Amino acid sequence: MALDSRAKSSLASFLGIVLSILAAFIIAIILIFSFSKDPAKTLYWYFFGPFTNPFVFGNMLESAIPLLFTGLGMAVAFKSGVTNLGGEGQIFAGAIMAVILGVLLPNLPGGVGIPTLLLGGAIVGSLMAGLSGFLRMAWGVSDLLTTYLISTGMVYVINYLILGPLRDPAQITIQSLSIPAAYMLPRLLPPSYLHAGLLLGLAAAVFIWFLIYRTHLGYELRVAGSNRQFGRYGGIEVRQYLVVPMLISGALIGLGGAVQVVGRYGSCFTDLTAGLGWNGIAVALIARSNPLGVIPAAIFYAYLDAGAKSAMINSDITYEIASIISAVIFYLVTAEAAVAFIRRRLGK
Amino acid sequence: MESTIQANVASKDTLPGADSNILVEMLGISKVYPDNNVTANKNVNFNLQRGEIHALVGENGAGKTTLMKILCGLERADQGTIKVDGRLVRIRSARDADRLGIGMVHQRFCLVENFSVADNIVLGKEPLQAGLFYDRAKAKRTVKALSEDFGFEMDPNALVGSLTVGQKQRVEILKALYRSSTILILDEPTSLLTEQEIKAFFRILRHLKAMEYTIVIITHKLEEVGQISDRVTVMREGQVVDSRPSASLDKATLARLMVGKEVLLQVEKLAKEPGSAVLEIRDLTLIDPTCPRPLLAGINLRVRAGEVLGIAGVAGNGLGELEDVLTGMNSRGHPSGQALIDGLEVLGLSPARLRRKGLAYVPADRLQRGSSLLLPLSDNLIVVDHHAFLRFGILRHRSISKFSNDLIKRFGIKGNMNAPIGTLSGGNIQKAVLSRELSRRPKLLIISEPTWGLDVACSEFVYQEIMEMRNEETAVLLISSNLDEVLALSDQVAVMYKGEVVALFPNVGLDRESLGGYMLGLHRQEVKKDGCWEERVH
């Protein structure tokens, strides 16, 4: 009886995902047919464009890298029952910290310098999110509010740094000073931008999965995150688990920002985050907060984005239409995942 | 089956001279909750006469609330029919009940604290302006008029959050009246009220009765039956035991009908001498400033190794608070006095530290407190002792599997260790909680409502396990509103009423009826202020 209903419910959620993906693609196809004069061509570029040559394929994977880190950060927060809406600020702070360290310490060997920059980014992100966790633990301040507010404030501070003290006067575009070339990660698939940060992201996913499902800390995080009262009852000091998951979540997202600097840009500019913090939430929802699930979820997101770009370049649809199509697909997929997430939260 | 009942009813319906005074008639109502296979109602017949106040009484779990939920569309009966005004009706939702003028006021209020009284009352049925905008002025006028008609003295502008419990209840009643309900069902309306508030509340009920409203009050307070009701229906174990005019029943008879006289569950209890005191409670008091009386008042109890102290009482008399305070889960009010485990003060310690002192605890709320429904069964089983499964901070999966499978086998838990525990049935969840707590070989076991919602076979299993713990020299504190199980398991029986221990007996020759009297506040043991309980009893 119990097994029956369990099988039924997992079948239902599997079907739900398949159906919503199918519906999303059907709507995308209808949109393409109504807006494109050559729908077959558009369809081809939209769905197969990202695989047509190593350059676009590499760039697609590259754009998945920051999503791996932000998605993991959000997954840890969800699993632990805390809310981190500060991804934007944390990723930005991680990036600027990497730039600052790179500029201040220009003469380290790459093998020391890169980890230093990455660590610096992770620590800054961690402290930012951890502060919200501390505020909730100490005074019960909503982490939903404080993560968002701290992050938003931080964005302005960093913008000031980029426009002011850290600006590189030698550049025409507005950007910060650059880190030494020795601190850049190697490219994996030149001429595409794909860099070794991908391996770091994959390793982070495996590490976080192990941490959550196989370690003492992860166990207590999951217990406290799924039901705080039960955790307390079972003899776990649950108060600290308002802060610890925030530290981990912020560290991952800050690390993502630092990876953007050492892997891709070498410097920081005002639009570096470009919604990566928010998209991380969507990625974590599609992955159902499973750290290993974040890998396909991040790549799926990057694939949709790359498909839209490729259709735009190679056929007659505009950027706006391409974005709308990506958005429709993405909303439908996320909505199903969101519903499932909510259903689980409610314990139904 | 159902159709034949309906056919009979329909043919009777056409007979002339049917009792026109009967407003609501429920016939052959049966309801089984499939989750835990509990029969909440079994072929129940119930009727309401126009303009009466009808008391529906019975112990916890007797099926009163289920029956009334069926009447107001919140639950569906598996079998049976309902007639209102002699017409067969189908009540599938609260909306259907609403149309028939049936409204229910729940034990726990459903009010928006930061809305005004008027906003709360019209919520869901707001007067509109131009068919679109909320007409707040009209809502206030309507509520004010309604409140005056019924003598409620409510300020429609007051914030609900600022009201007393008694006033909130009046808001709830007004909500029903605003929806033109003429049949009001009140679920344990007095359980949260002070004496004065109860008096005022009864005045309101009489006033409503004079205006031809029909009222059901669900209660287990016997004195109220005589004070307020015209007729009384007694339920026990899902069935109606008796239904008659209240005047013809005295409290003692009522108590006997409520608790019944069926055979006790047979539990084999070895005669044995208890060991030394494990848990001692001295003058334990819990005061919540927002509550007029202490939640716990000067409790003195002692549990020795190898004995079961059973605490009986009706819900709402401090059993839950005692459970929370002793297990470190209390979040309400300020406890004072002493609680000692092996002579060491433990009052106010966190659950983590209490557990290190050898406490095992099976909570009444096994779904929210005793388990985390989304986590796998095995994660639930190891929570208290998960440190034992660590090597260098990493969980040893093989030993967790072995441990889980051992418990699953030994306790006959039907479920997969990797499936979320929430997918198990209620009985199996309780077995899992019990298996985890008992696997610790505890010094002290606090177990609350251990068989609530379980079927007979499962209950018996739980009883055997508790007995085994006792025989292995665990001190057991059993908190239960089920008198049968307290009598079957305990060596000593204490009764709580309104936060106090009103009686303490060795469990020799005790019967349900006399204990029932203590539970319902009809008697209390005279006690001296000094000395320990044993001296008082002897």
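Read-outs throughout are calculated quantities, based only on the coordinates presented, and are distinct from any laboratory measurement. Small disclaimer: the values here were computed from a predicted structure and weren't measured. Don't worry about glycine lacking a Cβ; one is built from the backbone with ideal geometry, like all the others, and counts go over all protein chains shown.
Results, tabulated for the structure shown:
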{"quantity": "Added length on full extension, which subtracts the Cα-Cα distance from 0.36 nm per residue, A:Ile26 to A:Phe269", "calculated": "83.7 nm"}
{"quantity": "Sites A:Ala327 and B:Arg87, calculated FRET efficiency, Cβ-Cβ separation with R0 41 Å, nearest 0.05", "calculated": "0.15"}
{"quantity": "Those residues of segment B:84-123 whose amide nitrogen sits under 17 Å from the label point placed on B:Arg76, 7 Å along Cα→Cβ", "calculated": "B:89-98"}
{"quantity": "Per-selection Kirkwood Rh - the protein assembly as shown (Cα, Å, 1 d.p.)", "calculated": "31.7 Å"}
{"quantity": "Alpha-carbon spread of segment A:119-158, three principal axes, descending order, Å", "calculated": "28, 22, 11"}
{"quantity": "Mean residue ellipticity (222 nm) of chain B, computed from DSSP H runs ≥ 4 via -39,500 (n - 2.57), nearest 500", "calculated": "-9500 deg cm²/dmol"}
{"quantity": "Distance from segment B:166-199 to segment B:503-518 (C-alpha centre basis), Å", "calculated": "34 Å"}
{"quantity": "The protein assembly as shown - share of DSSP beta bridges that are antiparallel (%, nearest 5)", "calculated": "60 percent"}
{"quantity": "Projected-area mean, segment B:321-368, by convex hull of Cα positions, square nanometres", "calculated": "3.6 nm²"}
{"quantity": "Debye log10 I(q)/I(0) for chain B, one point scatterer per Cα, at q = 0.10, 0.11, 0.13 Å⁻¹", "calculated": "-0.93, -1.09, -1.36"}
{"quantity": "Rg/Rg_globular for segment A:179-299, with Rg_globular taken as 2.2 N^0.38 Å and Rg from C-alpha atoms", "calculated": "1.25"}
{"quantity": "Average silhouette area of segment B:368-441, convex hull of alpha-carbon atoms, in square nanometres", "calculated": "4.6 nm²"}
{"quantity": "Mean Cα-pair separation over length for chain B, i.e. relative contact order, pairs under 8 Å, 6 or more apart, %", "calculated": "15 percent"}
{"quantity": "Within chain A, helix-based [θ] at 222 nm, where runs of 4 or more DSSP H residues each add -39,500 (n - 2.57), nearest 500", "calculated": "-24500 deg cm²/dmol"}
{"quantity": "Chain lengthening between B:Asp230 and B:Cys291 when straightened (0.36 nm per residue, less Cα-Cα)", "calculated": "18.8 nm"}
{"quantity": "Virtual spin-label span in nm between A:Phe33 and A:Glu237, 7 Å along Cα→Cβ", "calculated": "6.3 nm"}
{"quantity": "Phi-based couplings in Hz for segment A:50-65 (Karplus 6.51, -1.76, 1.60; Gly and Pro marked x)", "calculated": "x, 10, 6, 8, x, 5, 5, 5, x, 5, 4, 5, 4, 6, 7, 4"}
{"quantity": "Dipole magnitude of the protein assembly as shown about its Cα centre (Cβ charges: Lys, Arg +1; Asp, Glu -1), debye to nearest 20", "calculated": "1220 debye"}
{"quantity": "Normalised convex hull volume, segment B:362-410, alpha-carbon set, Å³ per residue", "calculated": "87 Å³"}
{"quantity": "Gap separating the Cα centres of segment B:240-309 and segment B:90-157, nearest whole Å", "calculated": "40 Å"}
{"quantity": "Rg(Cα) / (2.2 N^0.38 Å) computed for segment A:90-172, rounded to two decimals", "calculated": "1.29"}
{"quantity": "Space enclosed by the convex hull of the alpha-carbon atoms of chain A, per residue, Å³", "calculated": "149 Å³"}
{"quantity": "Amide hydrogen neighbours beyond the local backbone of B:Val24, cut-off 5 Å, H modeled", "calculated": "B:Leu48, B:Asp85"}
{"quantity": "Nonlocal amide H pairs with B:Asp78, under 5 Å, H built at 1.01 Å", "calculated": "B:Ser30, B:Lys31, B:Val32"}
{"quantity": "Phi-based couplings in Hz for segment B:299-307 (Karplus 6.51, -1.76, 1.60; Gly and Pro marked x)", "calculated": "8, 10, 8, 9, 10, 9, 4, x, 9"}
{"quantity": "Span from the segment A:176-225 Cα centroid across to the segment A:92-111 one, whole angstrom", "calculated": "17 Å"}
{"quantity": "Segment B:265-339: trypsin sites (Lys or Arg not before Pro) in DSSP loop, at most 16 other beta carbons within 10 Å", "calculated": "B:Lys269, B:Lys272, B:Arg332"}
{"quantity": "Stokes-Einstein diffusion coefficient of segment B:210-355, Kirkwood radius over Cα pairs, 25 °C, 0.890 mPa s, in µm²/s", "calculated": "129 µm²/s"}
{"quantity": "Largest-first ellipsoid semi-axes for segment A:215-284, taking √(5λ) over the Cα gyration tensor eigenvalues, angstrom", "calculated": "34, 12, 9"}
{"quantity": "B:Arg282/B:Asn43 FRET efficiency (R0 51 Å; Cβ-Cβ; nearest 0.05)", "calculated": "0.55"}
{"quantity": "FRET E, pair B:Gln196, B:Ala94, Förster distance 45 Å, beta-carbon r, rounded to 0.05", "calculated": "0.90"}
{"quantity": "Segment A:101-223 shape via C-alpha gyration tensor axes, a/c threshold 1.5", "calculated": "oblate"}
{"quantity": "Alpha-carbon Debye profile of segment B:208-289, log10 I(q)/I(0) at 0.14, 0.20, 0.26 Å⁻¹", "calculated": "-0.75, -0.93, -1.30"}
{"quantity": "Selected from B:Ile299, B:Leu309, B:Ala255, residue furthest toward positive end of dipole (segment B:246-323; charges at beta carbon)", "calculated": "B:Ala255"}
{"quantity": "Cα gyration tensor shape of segment B:446-495, rounded if a/c is under 1.5, else prolate or oblate by comparing a/b with b/c", "calculated": "oblate"}
{"quantity": "Given charges at beta-carbon only (K, R positive; D, E negative), |dipole| of segment B:335-489 in Debye", "calculated": "860 debye"}
